[in-house]
Structure formats: C-alpha cells, structure tokens
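Worksheet for the structure shown next.
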Amino acid sequence: MTDIRSLLERRILILDGAMATMIQRLNLSEEDYRGTRFASHGSSLKGNNDLLVLTQPDAIRSIHTAYLEAGSDIVETNTFNSTSIAQADYALEHVVRELNREAARLAREAADAMTAQTPTKPRFVAGAMGPMNKSLSLSPDVNDPGFRAATFAQVRDAYKEQIIGLVEGGVDLLLIETIFDTLNAKAAIKAIAELSAGGETDLERSVQERLRDMPIMISGTITDLSGRTLSGQTPEAFWISLQHTPNLLSFGLNCALGSAMMRPYIEDVSNVATAFVSLYPNAGLPNTMGGYDETPEYMAEQALAYAQAGFLNIVGGCCGTTPDHIRAMADAVHTIAPRRIPERPAYMRLSGLEPLEMRPETNFVNVGERTNVTGSRAFAKLILNDDYEKAVDIARQQVENGAQIIDINMDEGMLDGEKAMQTFINLIASEPDIARVPFMVDSSKWSVLEAGLACMQGKGIVNSLSLKDGEEEFKRRATICRDFGAAVIIMAFDEQGQADTFERRIEICERAYRILTQDVGLPAQDIVFDPNILTVATGMDCLLYTSDAADE
C-alpha cells in the first residue's frame, strides 16, 4: 500500500462527498431498508442509512464507485451511525460489528477495483466514526446541567466495537468526524489507544497489530458563525485538546456551514495544526425545502481559493454534495501545491473552551485554588452540604478575578471523591464563562483524578503523579494521562519517600522525566515538576539562592 503521508506531501488529496445525499436520491421505502433479513424487525428502519450495507449492498457500493470515478482518493465507509449507542434508536445494537465490517468491505471492494484500473493512483478507505447522538459535555436536560445521557466508558466501549468491525473489514484509516463535543472524540481516541495497546479480550487483541500504525483523521464541526463547536470550543482550543491523537494524519473541519463560510475557521486550523489539514463543507446551508444550493462550480471556486491560500491538504464535501461537486473540486485544485505543515515551538498549550499557551515571556500563571476542599473551608462546606450551585459561583469568581486555570480538589473524608469530582466538572463545563479556562484535577487518590479526566473536553492538568507507588504504576497512570491528552505535575516522591535534599529532588525528577519522555511518550512541554519546596512565605527557615550566591 502506498504511504498516504508521502502522497499528501506532494498533492492535495480528494475526499468523497455526502453518502446520505446520494441515498436520498434512491427514494428507498421501508421495505427496501428492511430487506429480507429484517422484514419482521419490531422497529421502523427507514432512515437508518447504515443498515443499507446489509440490505442494499449494491447500492452502497455503487455510490462509493461514483465518488471514486469523480476523483476521490479517499472514500468513507457508510458507518456514521454504526455504534451501539446510535443504533439503539432502531433496536439494532446486536448487528453493529457486522455493520462496520460489511461497510468497510464494500468500500474496500470499490476502492481496490478503481486502483486496479489506475494503479498509479491508489485509493484509500477511511472508517467513518460519527459523533453519536449522546454528548459527554452537554446535558440533554435544561433543568439539570450536570446530567449526562452516557458515561465516558460507555462511549469509549461503543467506539471500540465500531473500530474492531472497521479494522476487520479492511479500512486504511480511521476518521473521527463531525465532532461537536470534543469529549466524545476523546473517548474514540481512548478506544484506539487501548486497542492499540492490546485490549482486554481476544477479539480486541485481534486488531492490535493493524491498528497500532493506522493513520487517524480528525474533523470537527463549527456549528454557526460564532466560530465554535456546539460544546463551545474555538478551533485552536479544539486542536490543543486533540493534538495528542496517536498516528494523527489530518485535522480539519466539516459539515454545518457552506464552503464560503468556512474561510476564517479553516484558516485558524491551518495556522495552528502540526498535522495535515482537511476541509469538507456542506453545499451551503439548508434551504426552506431542506436542500442545499451551492453548485459544483461555486464550491470549486472556494476550494481553489483555500488551496491557493495554503490552507488545504485534503478537500471534499459533506451534506448536499454529490460526485459532480467532488469532480469540480478535484479539477480545481489538482495543480495547486498542498499546504506545508508549520513548525511550532514546543510550548505547553492547555485549553478549556479557549486556548492557554505558556510562552517564555509568560509571567506567573494564576491557578484558582478556591475550588479545593482542602484549601477553602467555604468551598468544602458547600460541597459537603451538596450546594453545588453556590460552589459553581466560587469557580466563576475565581475566573472573573483572573484565574487562568481552575484547580479542583475533592479530597475530604466525608465525600465520595469520584462522584463529587464528576458532578462539579459537569456543572462548570456547562458554564461558558468558567469553562473557557483549563481545569486542573487535583487529588492524592488516582481514581478521583481519572474520574476528572473523563469529564474534561479540554486539555487540562493532572495534579499529581509520583513514583511513590512504584515505577510500573507510575507508567500506567502516566499512560492514561497521555491518552487523555493531559499535562501532568510530578511530585518529588519515590518508593523511599519524599525528597528532602537537593540531590534527592534532582534524582527523582530526572528519573521521572526519563520515564515519561522515553517510556511513556509524554511531550516534555507537558511536564511540570513540584520539588516539594514549601517554605517560602510560610515563616519557616529556608535557604534562598540568588545569582550572587549561585557558585557558593
């Protein structure tokens, strides 16, 4: 198989267009969706486009072929809703793995047939992984902002099942697309990371080898002209939250807006992403009849302008686009050089709904400590009394008063720390004026830290890790932090206890740094050391080193 990365360095690649738009043209009936196999199924199935890979496979294969003939280098599997969570609407959770496997097989057949006709132009199959119909960052109940319709573990496991089927069917890439909630995407990335590491069952381990080096494409959706995702993130904050994705091939935007409306947002992504950039917009906004009005010629003009501006490596179409749109865009950009990936300094970059970058000239970074039950009696009293509404007000005051990061600690003997951490983060995640800053989850108990990680859509900080429970446990916990994309604070503890001399502090921090960067693969800029120097401003005796005394 030709390396797709080397192709992307030479030319702009073409993604396919809308599968649903082409399916709608077929005017299929309920009976067509059911086929013979699901004729007596108890739920209505019309509109479940993913099921057609089982009941109308020739139709789906022909759509793939039409896009390939129009010039697509990459075709997506018909699996946007092929997860147990999404298929629960049709009572078809039991066929999810088969849906993904057969969808991948159909796309693979079409791509391989086209490659055989034109061997100098290889074609690729991307396993499409949609955002699901349940959000991990947004409550479906306006009266209960802390409620979530699914847990992180449920979403992660649903993606695992989908990934296994896609890999079994022969995809070349995985495409996590139309992301409106970054935390859902994090669950998909966590699923990939865990399966790549081997999984827990024979079935999960069966895909490990292929998945370990499989390129991953990420594509989010800006929902309106505010320039943010539905869950509130800016394009740069979205990038920072997901840049830890293993084997990240491309990062970009799709859906929601028409091609001309995408310019400021794809420019933002192009400026910050150190991966290839993709764009596949809708053919305009839906008209009063639910159709899309942007013509192939109009979309081709926009694609050409973006390519000439140096924004693109991959371009295609989303809702409303057809093979005619893809052909026009392919013709428009085929002589334009692809975007060059920028080099960016290795600074620590965190995010809530908005980005926070630590640069050399950055002064003190203010961490709001009042949302810490061990550091604030007032906050602890509110949490213990289950008065989360007023506790949220304290977080708001912290941000209003200049906190750039919010530290959240629930280490109190009378609390269920995991539940309190999840409840509080879910609540403040629903408050844009608070959630715009990154969160620091703070606990001496690992299970509380992990519970907090599973609630943060942004890139936060884990406070803290140490070697006191041994090197293997340190690696395990650090790997989980890496898989969530979190930065870490490392305490100067090891198996022998807290560092109490200069030499011991250096020894422990050096050892932790080596393990984190060489064994775990955590970026060096995401590591903060706390060498347990607590005496300044406490009234205790301390030795203050100055530049004049540096050699003494």
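Read-outs throughout are calculated quantities, based only on the coordinates presented, and are distinct from any laboratory measurement. Given the structure is predicted, the values throughout are model-derived calculations rather than measurements. Cβ sites come from the backbone with ideal geometry, for glycine too, and all protein chains shown count toward neighbours.
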Next on the checklist: What does the extension gain come out to for THR201 and LEU384, with contour length at 0.36 nm per residue minus their alpha carbon separation?
Outcome noted: 61.8 nm
Next on the checklist: Need the full-extension length gain, GLU30 to GLN208, defined as separation in residues times 0.36 nm minus the C-alpha distance. One decimal, nm.
Outcome noted: 60.3 nm
Item to check | Among ASN271, ILE23, ALA305 the positive-end extreme of the charge dipole of the chain (Cβ point charges) | outcome: ILE23
Checklist entry - Under a no-solvent Debye model with one identical scatterer per Cα of the range 348-549, what's log10 I(q)/I(0) at q = 0.10, 0.12, 0.18, 0.19 Å⁻¹? => result -0.44, -0.64, -1.33, -1.42
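Could you order peptides 314-324, 295-305 by the average number of other Cβ atoms within 10 Å of their residues, highest first? Walk me through the intermediate numbers first.
Values: 314-324: 25.7, 295-305: 19.7.
Top of the packing list down: 314-324, 295-305.
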Item to check | FRET efficiency estimate (nearest 0.05) - Cβ-Cβ, GLU361 to LYS121, R0 51 angstrom | outcome: 0.60
Checklist outcome for this item: With the 8 Å Cα cutoff and a minimum separation of six or more residues, the chain has a relative contact order in percent of 12
Checklist outcome for this item: Dipole check, the range 348-549, charges on Cβ (K,R +1; D,E -1), about Cα centroid: among PHE529, PRO438, ILE515 the Cα furthest to the positive pole belongs to PRO438
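What FRET efficiency would be calculated for the residue pair ASP519, PHE147, taking the C-beta separation as r and a Förster radius of 51 Å, to the nearest 0.05?
Numbers: r = 39 Å, r/R0 = 0.77.
Given R0 = 51 Å and the Cβ-Cβ separation, E is 0.85.
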Checklist outcome for this item: Sorted on mean Cβ neighbours within 10 Å (highest first), peptides 26-38, 205-217, 468-480 come out as 205-217, 468-480, 26-38
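On full extension of the chain, what length is gained from TYR347 through ASP469, given 0.36 nm per residue of separation minus the C-alpha to C-alpha distance? Please list the in-between numbers first.
On the way: separation 122, 0.36 × 122 = 43.92 nm, distance 2.95 nm.
Difference between extended and current length: 41.0 nm.
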Checklist entry - Among bridges DSSP assigns within the chain, what percent are antiparallel (round to 5)? => result 10
Checklist entry - Quick one: which of 182-189, 495-502 comes out on top by average Cβ neighbours within 10 Å, and what's the full order, highest first? => result 182-189, 495-502
Checklist outcome for this item: Plugging the Cβ-Cβ distance of THR501 and SER444 into 1/(1 + (r/R0)^6) at R0 = 22 Å yields, to the nearest 0.05, a FRET efficiency of 0.45
Item to check | Gyration tensor verdict on the range 272-399 (Cα atoms; rounded if a/c is under 1.5, prolate if a/b is larger than b/c, oblate otherwise) | outcome: oblate
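Please state the relative contact order of the range 4-333 as a whole percent: Cα pairs under 8 Å, 6+ residues apart? Mind dumping the intermediate values first?
Working: 667 pairs, mean separation 59.8, N = 330.
Once normalised by length, the contact order is 18 percent.
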Next on the checklist: Based on alpha-carbon atoms only, what is the radius of gyration of the range 4-333 relative to the globular estimate 2.2 N^0.38 Å?
Outcome noted: 0.93
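Nothing charged except the Cβ atoms of Lys and Arg (+1) and of Asp and Glu (-1): what's the magnitude of the dipole of the chain about its Cα centre? Round to the nearest 20 debye.
Values: 49 positive and 78 negative charges, 217 e Å.
Magnitude of the dipole: close to 1040 debye.
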Item to check | Lys pairs under 20 Å by Cα in the range 348-549, provided they are eight or more residues apart or on distinct chains | outcome: 7
Item to check | Candidate values (i) 25.0, 87; (ii) 24.4, 78; (iii) 37.2, 121, label of the one derived for Rg and Dmax of the Cα atoms in Å | outcome: (i)
Item to check | Within the range 348-549, percent of DSSP bridges classed antiparallel, to nearest 5 | outcome: 25
